[in-house]
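This report concerns only the one structure given below.
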C-alpha cells in the first residue's frame, strides 16, 4: 500500500505531466489550424505535403489525448483510494513499476494476458 507522501508525489508528477501534455496538444491544435488555412491557398503539390503534415499532427494529437485520459484516470484513482492497485487482481502494483509508468493499472504479469 502506498503512503500518503508517495501518493502526493505521484499526484504532483501526474499533474505536471498533464500540464505539459495539454500545452503540447494546444501547440498542435494551433499548427493544425495554420496548416488548414495555409493548405487552402496552395497548389496540389504543396497540398499533398500539407496533408501528410496534417496527418502526422492528428496522429500525435490523438496520442496525447490518450495519454491525458490515462493521467486523468490515474488522478481519479488517487482520489478514490485505488491508485497503485491492479484493476485485474486488486493486488498492489510495485512502486518501481509506478515510478517507471505512473499510469500503470496492472502488474507486469497481468499486462501481457
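What follows is calculated from the coordinates using simple rules that are stated; it is not laboratory data. This is a predicted model, so every value here is computed, not measured. Cβ: placed from backbone, ideal geometry, glycine included. Neighbour counts: every protein chain shown.
Which FRET efficiency value, to the nearest 0.05, do you get for residue 55 and residue 1 by plugging their Cβ-Cβ distance into 1/(1 + (r/R0)^6) with R0 = 35 Å?
Efficiency, from the Cβ-Cβ distance: 0.20.
Hey, fewest Cβ within 10 Å first, where do 30, 18, 63 land in order?
30, 63, 18
Starting from the Cα-Cα distance between residue 107 and residue 87, subtract it from 0.36 nm times their residue separation and give me the gain in nm to one decimal.
Numbers: separation 20, 0.36 × 20 = 7.20 nm, distance 0.90 nm.
My answer for the length gained is 6.3 nm.
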